[in-house]
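The values are calculated or read from the model by the stated rules, or taken from the named source; none is laboratory data. Predicted model, so just to flag it, every value in this text is computed and none were measured. Don't worry about glycine lacking a Cβ; one is built from the backbone with ideal geometry, like all the others, and counts go over all protein chains shown. Please note that ligands, DNA and RNA were not included when accessible areas were found on the heavy atoms of the full protein model with its side chains. Shrake-Rupley method; radii C 1.70, N 1.55, O 1.52, S 1.80 Å.
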Amino acid sequence: MRFDNYRTDGFYDEMFESDGIPRAGVEPIIETINGLRPRDLKRRQRAAEYALLNSGNTFNVYGAKEGAEKILPFDIIPRIVPANEWSTLEAGLKQRIRALNLFIGDIYNEKKILRDGVVPEEMILGAESYRKNCEGLRPPKDIWIHITGTDLVRDESGTFFVLEDNLRCPSGVSYVVENRNVLKSTFPNAFRTMNVRPTIDYPDRLRRTLRHLSRKSNPRIIVLTPGVYNSAYFEHAFLAQQMGVELAEGRDLVVVDDELKLRTTRGFETVDVVYRRIDDDFLDPRSFRSDSLLGVPGIMDVYRKGNVALANAVGTGIADDKAIYAYTPRIIKYYLDEDPILPIVPTYICSDEKERQHVLENLDRFVVKAVNLSGGYGMLIGPKSTAAEREAFAKKIKANPRDFVAQPTISLSRAPVIAGDRFAGRHVDLRPYILYGRDIFVLPGGLTRVALREGSLVVNSSQGGGSKDTWVLSDGGPANA
Amino acid sequence: MLSRVAEAVYWMHRYVERAENVARFVHVNLHLLLDADHHGAGEQWLPLVTTSGDHEDFEKRYSRPTERNVVKFLTFDTENPNSIISCFRVARENARSVRDTISSEMWNHLNQTYLMIEREGRRRRIEDLQEFYTQIKNASHFLVGLAETTMSHNEAWHFGRLGRLIERADKTARILDVRYFILLPGVEYVDSPYDSVLWTALLKSTSAFEMYRKAHPHIHHENVADFLLFDRMFARSLYWCISAAERSMDQITEGMRPAPQAAAELSTLRETLESTDVKSVLANGLHEFIDTFQFNLNVVGVQIHQSFFAMKEAITQVPAQMQSQG
């Protein structure tokens, strides 16, 4: 198998400028792969999958029958990001996170941005993700979004756009670390030659980010998981283990004397910082959903009193609302007085009558998304839909316009994957991870998700997507990993 | 450490130890039958079910204790909570819930072993199972080695060891109890070559044959009982298991005042074993002695649960899900 017959088909390709012409810097990996016999390449692909399966790096698909475990399909051809492109992304993401963090602090306190009319007040206060009981809240160091996973896509010109901010409990970073682990043994020589920047220190950086939230010099930090049946349980355990902190479930915790306590073999012990991987709704049955068995009754009171720090803070979902997304360029400008470095995809807000009309008249050209759903659920991809699907969706939009936004379809960039006995281009996105502690850190790498089905634009793991390792190249200097 | 985590590590080790013991005595019985045929004795599969303590369940769901039925029941029957496949399934689920506490190597190993049992085990015919039982025993030993060398010997480690040793003491006691009474009445075999074959099988069922040989020149039933009950150095004897468990208990409870009830019960059990010998045990009835031992061992188990895992007074809600434990 060689790349000789690989076709870019007019898409922006992450590896080739055009048919037969590799992008600058990617030659070593192409030469390595071209130099392998097909069965050796496939053997490496299988070895990588086997390593991931044995490590239990698996996820459960919601609704699938119990015990249905899969590895996230993995393609061993890395996705390469050159140093200059990365430095733009890094600056753009830092700028964006700084502004969104100020925005959240503002809307739960002074609400200046609403008073100044930059964002419509009813859009914030009426949003399902707005948490009234966070009003007046000042989290430690005024940091709300400690961990972010921002979804980026490229269009046919190669421009990166922000597609979605994930400011609640973004998942997937364990794949970044584990995929890298596997790929280092898949292509060690190419890896060394290409000066790939390391991702291995993510857990350590995360731990430092969490420690920053406590006044104590050696705070008790835990990861709070919904439990083994959660689709991302592997990641929760992985991060706890790699950070050397305890992995707790709601039933391990109890509120005693205004403090959060762990039930241990020696009685109750105080917890200072919680990296919680439970959504706001399930965190505290006394404050949010009373039927939740996952959370800890009373934890919100402890949080409001400042006796425990939560990462991410409660209420951050208001800023990754798909309708608020349309205002993010204005939010950046408002708080930082800077132009956004990274553009967003033009977004039509269906609650606006004029914009809704435009969307309804051109449904076949838009991607329509439900504002409050993630994971590729509740979505209409106009160009790939039938007239009947569009008609049904139009009804939904008219019934609940606030629930929908629409974006023009973007011709996503592609990257080569192993498809049977040849290489084929498949659409990809990129999710870098950003930590906000003493300063803002963007992990040089990220999860490249790939729509493995031919022609598909949906990269979500719940919808048949897979992943690739992302190699961010360094600007010269010694190779490190 | 977290009570839930301590409990999961404890049961993870108990279940792997249980699977190892099932694998060993099925394996030994498969071997024994080849010699038994030679001596014209009938097949003896029922005692295996009796030893496992699940004969009621077996009788409900199987017609007769044939080789095929018993092997299936003890090895691949997912409805039997103590079959090898069920033990590893529970061990793996417990391991999954404490992946941050045990080492990655331990988790990988348990995961791999379970996937191997699922994938290959079901396909094999009984004639091909011997290698499988060897793999199961090795998998258990491998886990012990990994715990020994890849995990700090911290509180979690001691809870794991406690679980393993309590399970092991229980299994040695059961095997001795059931086998001893099957073997003993066979007066027609006493001092015959077959007699020694049967006692050898008992020793092999507890992996004791070679070590017994070094301690005693002849295979004699009283010495066999003495070895399995009281030997100070053999790692499957009741005495050894209980006194090693007590050492782990000491580590777990270090500095706790007052010492939890579980620690006191375990010490009493060890003292009982120290204050008697095989002659008086046989004179007063081995079965009665083992019965009392197992009752007290159960009390230790219950006390461990209450002292370290339960925290009853503080539980404010029903746990969302409990791992299956027995």
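Roughly how tilted is helix B:221-230, in degrees to the nearest 10 and between 0 and 90, from the longest Cα axis of chain B? Roughly 10 degrees, rounded to the nearest 10.
Buried on complex formation within the stretch B:80-102 (loss of at least 10 square angstrom of accessible surface versus the isolated chain, 1.4 Å probe, ligands and nucleic acids ignored): B:92, B:93, B:96, B:97, B:99, B:100.
What is the calculated FRET efficiency for residue B:215 to residue A:389, with r their C-beta to C-beta distance and R₀ = 60 Å, to the nearest 0.05? If you can, show how the numbers build up before the last one.
Values: r = 79 Å, r/R0 = 1.31.
Efficiency, from the Cβ-Cβ distance: 0.15.
Normalised by residue count, the stretch B:3-314 yields a Cα convex hull volume of 143 Å³ per residue. Sorted largest first by accessible area at a 1.4 angstrom probe radius, with every protein chain in place, the residues A:112, A:322, A:42, A:398 fall in the order A:398, A:112, A:42, A:322. Using a 1.4 Å probe on the protein chains only, how many percent of the accessible area of the protein assembly as shown belongs to carbon and sulfur? It is 49 percent, rounded to a whole number. With 0.36 nm allotted per residue and the present C-alpha distance subtracted, the residue B:149-residue B:284 stretch has 44.3 nm of extension available.
The residues of the stretch B:110-156 occluded by other protein chains by 20 Å² or more of accessible area, set against the chain on its own, are B:111, B:112, B:115, B:155; surface from heavy atoms, 1.4 Å probe. In the full protein context, the protein assembly as shown carries 41 Å² of accessible surface per residue, based on a 1.4 Å probe and ignoring ligands, DNA and RNA. Kirkwood radius, the stretch A:348-408, all distinct C-alpha pairs, inverse of mean reciprocal distance: 11.1 Å. Per the Cα gyration tensor, the protein assembly as shown maps to an equivalent ellipsoid with semi-axes of 58, 32, 23 Å, ordered largest to smallest. Between residue A:475 and residue A:24, the simple label model (points 7 Å from Cα in the Cβ direction) yields a spacing of 1.4 nm.
Measure nothing fancy, just the Cα-based angle from helix B:286-304's long axis to the longest principal axis of chain B, in degrees from 0 to 90, nearest 10. Rounded to the nearest ten degrees, it is 20. Interface residues of the stretch B:1-30, defined as those with an accessible-area decrease of at least 20 Å² between the chain by itself and the complete set of protein chains (probe 1.4 Å), are B:1, B:2, B:3, B:4.
So for the stretch A:331-481, considering every pair of alpha-carbon atoms, how many percent are separated by more than 20 Å?
On the way: 7062 of 11325 pairs.
Value for the stretch A:331-481 (Cα pairs over 20 Å): 62 percent.
Going by the alpha-carbon gyration tensor, a ≥ b ≥ c the square roots of its eigenvalues, is chain A rounded (a/c under 1.5) or, if a/c is not under 1.5, prolate (a/b greater than b/c) versus oblate? Don't jump to the answer; show the numbers that get you there.
Numbers: a/c = 1.66, a/b = 1.22, b/c = 1.36.
Cα axes put chain A in the oblate bin.
Quantify how strongly other chains surround peptide A:242-248 by giving the mean number of their Cβ atoms within 10 Å of each of its Cβ atoms.
Values: counts 2, 1, 1, 1, 6, 8, 4.
Per residue, the number of nearby Cβ atoms from other chains is 3 on average.
Semi-axes of the equivalent ellipsoid of the stretch A:74-152 are 32, 14, 14 Å, computed as sqrt(5λ) over the eigenvalues of the C-alpha gyration tensor in descending order. Chain A packed on chain B takes about 3000 Å² of accessible surface away from a 1.4 Å probe, both sides summed.
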